[in-house]
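The values are calculated or read from the model by the stated rules, or taken from the named source; none is laboratory data. Predicted model, so just to flag it, every value in this text is computed and none were measured. No Cβ is skipped: glycine too gets one built from the backbone with ideal geometry, and neighbour counts run over all protein chains shown. For accessibility, only protein heavy atoms count, side chains too; no ligands or nucleic acids. Shrake-Rupley method; radii C 1.70, N 1.55, O 1.52, S 1.80 Å.
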Amino acid sequence: MRLQKYVLGLSILILLSSCIDEIKLDIDNATQRIAIDGLIADSLDTYTIQVFQSAIIGVGNDNVFEPISGASVKVLDDQGNSFDFVETEAGFYAAEMQGIVGRSYHTEIILADGTTIQSTPAQLNASPPIKEITSKIEDISFTDVGGNAVAQSNVTLSATTEFPANEELFLRWRALGVYEFHEAYPMAISTKVCYVQNNVDLNNLKIFDTRTIDGNTIEEEPFVTTKLDYRFAFQYAFLVRQYAMTEAEYKYWETVNDVISIDGSLFDPPPGTVRGNLRNINDPNEEIVGYFSVSGISTKRFFANPQSLNQVFIEPRCFESPFRPTFPECMDCTTILNSNLDKPDYWIP
Amino acid sequence: MLKHLLLFLFSFLWFSMLNAQEKVQLSFGDANAETQEVRLYGKIIDQSTNETLPEAIISTNNKLYYAIADEKGNYELILRSGIYELEISYLGYETLSAQLTIYEDATYDFQLSEGVTLGEVTVSQKKKDDNVTSSIAGIEQLSIEQLERQSKLLGETDVLRSLQSISGVSSTGEGASGFNVRGGNTDENLIFQDGNLIMNPVHALGFFSLFHPDMVDQVTLYKGGVPAKYGGRLSSVLDVRLREGDQQKFSIKGGVGLATSRLALEGPIIKNKVSFIIGGRASYFDWILKQADNLDVNKSEAFFYDLTAKVDARLSPTTKFGFSGFATQDEFQFSDEVKFDYSTTTGAVYLKQIIGEKINLNANLNIGSYQSSLFDIRGTNQSQFNNQIDYARASLMGYYQVNDNYSLEVGAEQNRYTVSPGKLSPLDENSSILADELPQERGQETALFLENKLNLGDKIEILAGLRYTIYQSLGADQVFLYDENVPKSELTIIDSLQFGANETIIDYTGFEPRLAVRYLINEQNSIKLNYNRSFQFFSQISNTASATPIDIWQLSNYHIRPQRADNFSVGYYRNFQDNSIQTNLTLFYRTIQDLIEYKDFAQLLLNPHIETDLLVGEGRAYGLEVSFTKSTGKHQLDANYTYSRSLRQIVATTTQESVSNGNWYPSNFDKPHIFNLNYFIQTSEKTNLSINFTYSTGRPTTAPVSAYSSGNILSIPVYSERNQYRIPDFHRLDVAYTIGPWGKKAGRENSITLSIYNVYFRKNAFSVFFRQLPFQSISANRVAVLGSAFPAITYNFKF
């Protein structure tokens, strides 16, 4: 009998514990692209269409875009109506209008050099009312970019929406937030209360295809998550907007989601170009990026405060205590970006 | 009578020849006597124990005369009088060579000595000058020494990792499933283990292969010329043979490691007639993953096992029958987000029959199944996605040695594939995911083949084959018809066709010529030319940069034509110093028609009209391979360099359908420069040092060149044309130092190997991705899978 044994010893092994770090990659031959970002919906409102150049990566700040001024911007419907958009600031074109459900709309943008850009006509679909917004608190732990373990509580909002049977809907949720902020500092004589507009869903993309579920109710679909912190100490008001878009737009956001969620994992799709609904009629091969959205809209407000979140106490930012750090905004809350001293009329006392 | 002739088996597969032994000189009779039939007989025994060696093989080196020793070790070789080179071989023993001059009946007993330690992998050795004299260019047979000297991860020798040290063989990176041969995709390799077709040869994301290292006998890779008996893949054939179980005595081999353990048991069922070998492996990575600081890794799980079994029965001196099969299972979970598993179950039976002295027949039947599942275990929409391919394969081959200079092989083969391309099911009652399932697809591939081997004098050998293949896409299925003037999409469907069960939907037929010519300039120099055409009727559909275990297999059908490759290669082989230095220079060129590519962001899962997300184009690959091997002496060196390109072109009527505006662009595995080096030093009688270095150009990637915002999404990258940039170059140094063997008596042996994988902590990128943190610029980030050094100590002992 022959027995052969292998004993592996002293092996230091961190199999599959991959590491990620930043490297320099030489990118050349980059060219700017014309980009369009615009939306119209079925509520009477001022709508904006932004015309700009995409930012070349590695040159300056990727988030600052070169505006394209002097364009003639119009939105047209299938009934021959036309709405002129006027340049309010460089690259931003605005008009007050209201879309009508069932009609088809497109935009036509003629640049100063004569280049004509058109979007594919899209039908405006009605958005069913949001039945209910619910909130949930979850304790999570994760590893941050620096590799540290972090534990925090998050607030997640979910939407429940009933939609007509046999209807295929493509929905997207967005949330706007305003929170109440109380000044406090040691030996304060008088303190103010500010109402701060909060960009709660920045880079948050939540879309939904009703064909993926059974029945005709979307049950508590989570759509935005934010950290449970001082913003909820008094009251946080969410304005939830539910957009009903076309299937083509849904596919656009789906690919946007693919592109922005690429994280180097095994299952990453090879990246490609996100194709929007815009084209240059003079040169169909030129790639115009961005999207002109035609959507139905329905809205609902949700108030989150310690009571509605079932919290005994949520620590505010500012204290009168000398033993706590005093942040500058605790002495003057109007220094916070997008803050306002006027209480919104919808505010629950 | 050549009773124990097993011509088929050994004429093709057995290259077991001498290595360092002195030649035995035998001379019987008077050379002036008339030519006649003479008989050489005697015993073949173990040199040290005098045990007889049943089934030892004695043959002339041209394989024309054969004999196999019977149960008592007796052999009888009948041959025409003359001068021969004899080879006497037995599994696990060093092959003995003898110079035989025979003009009358004679008797002689041969003594064989137990071979070099077979170690973890047993691979038969090829003839010293095989590289020069064989007619097919680009056959790689890995020897045990070559395998053992290659890089070891965690002290483990692995067949697939070792293959990547061969010129022309590469992979997309550490952790990629499969390998790429001469610019071909991973799905273009035909992989067999004992006649079992293998769809996915890897365990644990590609860190290990599923070939049980204690059971492998022989590894053959055809990267250039492919014999006519193989078909259905474009790039290469990897044929792994397991060894037969010991017909005399039982034995156990095993290994215990920190991450995996293995065991193999073998022995006779009926002594000298029926033997078995059965082996299994299992992994336990989890405790290691639990040590990681990274929470995602901490919450991950990985597990695999495999079970391999083989039974061989000698029904009569001319009939052999056997079974070989295996079952494997892999599970992998990353954090609490995604989990997948995959498994292979396959079995094959064979029957070999020798008829007369010159004909043998070989029948093979294989049935197998590969299935994979992807689980989404996040949140409320938990789901499971399954796909599966079932296959059955039957082949019949006959070999006829017409005369000394001409032999013929004919055969037929049929493959049936049933693909279940996708089934989505909710994981629990609370999940709101809708169950969905695509209908099964069926395909049948039938091939007839013929191969002639002809020697024209001493210099020229020609291997000319032809394969005729009929592929049928079979119902029941529904086929959509599209408006031909616009790109295919769901919206351009104009009609559909219904086909009943087993009704032929469409068929594709074609001839696949195979040609290999060797011109021997002299004993040390030869030139080889190869041309072969192949078709491929099913491909792995993957829209990830590297192949993954859960990729779907897509059969050719009404809309998807079979891919076709034409391969050309010319090689110059030159040996020096009595074949101890072997050099080779090969040029290759390959074209691929009807190559399958994907549209950007193709929807491949559960797509009932997948043809709308596929693109068809052309591919080409070309390159130059140079290799140098010095395999004797204190300092041994194996070095090779490959320059190659792998390019694709997708031209369509609209920009949306073309890739990179219809220009040629590099494939995902286009790595122009690859250099491999293996330096082995016998530092003393009992110690040796092995140094491995590998370098390759970084693989292509598509990088963002600009960014824009859309709605509340601040920065959406705009990508370059496909694969216009490259990730950083790959290079790595591994060393291993072995002390031993010592205590070599009564079969006991000890040795210690100290090895370090990735000595200088190179963070080789598996992939590069681009991300943007809020209000910061987009940055390139690399993912290094094995980003640090991995030292290991292996203690081997045997008794």
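Some notes on this structure:
- Residue in segment A:241-264 that is touching a residue at least 60 places away in the same chain (Cβ under 8 Å) and at the interface with chain B (Cβ under 9 Å from one of its Cβ atoms) present: yes
- In the set (1) in a strand (DSSP E or B); (2) open to solvent by 20 Å² or more (accessible area, probe 1.4 Å); (3) within 30 Å of residue B:779 (Cβ to Cβ), residue A:155 fails one condition alone, (2).
- Selection from segment A:291-336 of residues that are without any contact (Cβ under 8 Å) to a residue 60 or more places away in the chain and out of contact with any helix residue (DSSP H, G or I) (no Cβ under 7 Å at 6 or more places or on another chain): A:307, A:312, A:313, A:323, A:324, A:325, A:327
- Test result for residue B:486, in the same structural domain as residue B:526 (by TED's automatic domain parsing), aliphatic (A, V, I, L, M) and part of a loop (DSSP other than H, G, I, E, B): yes
- Which numbered condition residue A:210 misses (of (1) more than 25 Å from residue A:301 (Cβ to Cβ); (2) surrounded by 15 or more Cβ atoms within 10 Å (Cβ to Cβ); (3) within 12 Å of chain B (Cβ to nearest Cβ)): (1)
- Qualifying positions in segment A:37-60 - in contact (Cβ under 8 Å) with a residue 24 or more places away in the chain, open to solvent by 10 Å² or more (accessible area, probe 1.4 Å) and not in a loop (DSSP other than H, G, I, E, B): A:37, A:39, A:45, A:46, A:47, A:48, A:50, A:56
- Of the residues making up segment B:543-589, those that are at pLDDT below 90, under 18 Å from residue B:603 (Cα atoms) and outside any strand (DSSP E or B) are B:543, B:544, B:545, B:546, B:547, B:548, B:549, B:550, B:551.
- Screening residue B:736 with (1) surrounded by 20 or more Cβ atoms within 10 Å (Cβ to Cβ); (2) more than 10 Å from chain A (Cβ to nearest Cβ); (3) part of a loop (DSSP other than H, G, I, E, B) gives one miss only, at (3).
- Scope segment B:764-787; condition more than 7 Å from chain A (Cβ to nearest Cβ), part of a loop (DSSP other than H, G, I, E, B) and under 28 Å from the mean Cα position of the chain (by Cα); matching residues: B:764, B:786
- Residue match in segment B:366-374 (condition: within 30 Å of residue A:223 (Cα to Cα) and in contact (Cβ under 8 Å) with a residue 12 or more places away in the chain): yes
- Selection of segment A:320-340 for residues being open to solvent by less than 50 Å² (accessible area, probe 1.4 Å), more than 30 Å from residue A:39 (Cα to Cα) and either among the hydroxyl-bearing types (Ser, Thr, Tyr) or at pLDDT below 90 (or both) yields only A:321.
- Single residue of B:522, B:502 found to be assigned by TED's automatic domain parsing to the domain that holds residue B:622 and out of contact with any strand residue (DSSP E or B) (no Cβ under 8 Å at 6 or more places or on another chain): B:522
- Here the condition is being in a loop (DSSP other than H, G, I, E, B) and among the polar types (S, T, N, Q); of B:59, B:97, B:48, it holds for B:48 alone.
- Checklist (1) open to solvent by less than 60 Å² (accessible area, probe 1.4 Å); (2) in the same structural domain as residue A:254 (by TED's automatic domain parsing) applied to residue A:120, failing item: (1)
- Test: residue B:514 is buried (at least 23 other Cβ atoms within 10 Å of the Cβ), more than 23 Å from residue B:591 (Cβ to Cβ) and among the basic types (Lys, Arg): no
- Selection of strands (runs of 3 or more DSSP E) fully inside segment B:413-483 by the criterion of at least 3 residues being out of contact with any Ser or Thr (no Cβ under 8 Å at 6 or more places or on another chain) returns B:441-456, B:460-474.
- Some residue of segment B:195-213 being touching a residue at least 60 places away in the same chain (Cβ under 8 Å), more than 13 Å from the chain's Cα centre (by Cα) and in a loop (DSSP other than H, G, I, E, B): yes
- Qualifying residue in segment A:290-299 (condition: surrounded by fewer than 19 Cβ atoms within 10 Å (Cβ to Cβ) and in a loop (DSSP other than H, G, I, E, B)): no
- From the list B:170, B:162, the one residue that fits, being of a type outside the set (A, V, I, L, M), open to solvent by 10 Å² or more (accessible area, probe 1.4 Å) and at pLDDT below 90, is B:170.
- Wholly enclosed strands (runs of 3 or more DSSP E) of segment B:304-407 bearing at least 2 residues open to solvent by 20 Å² or more (accessible area, probe 1.4 Å) and of a type in the set (Gly, Ala, Ser): B:359-376, B:383-403
- Where strands (runs of 3 or more DSSP E) fall wholly inside segment B:649-728, the ranges with 3 or more residues that are under 28 Å from the mean Cα position of the chain (by Cα) are B:673-684, B:687-696.
- Residue within segment A:179-187 that is touching a helix residue (DSSP H, G or I) at 6+ places or on another chain (Cβ under 6 Å), open to solvent by 20 Å² or more (accessible area, probe 1.4 Å) and either within 11 Å of chain B (Cβ to nearest Cβ) or in a strand (DSSP E or B) (or both) present: no
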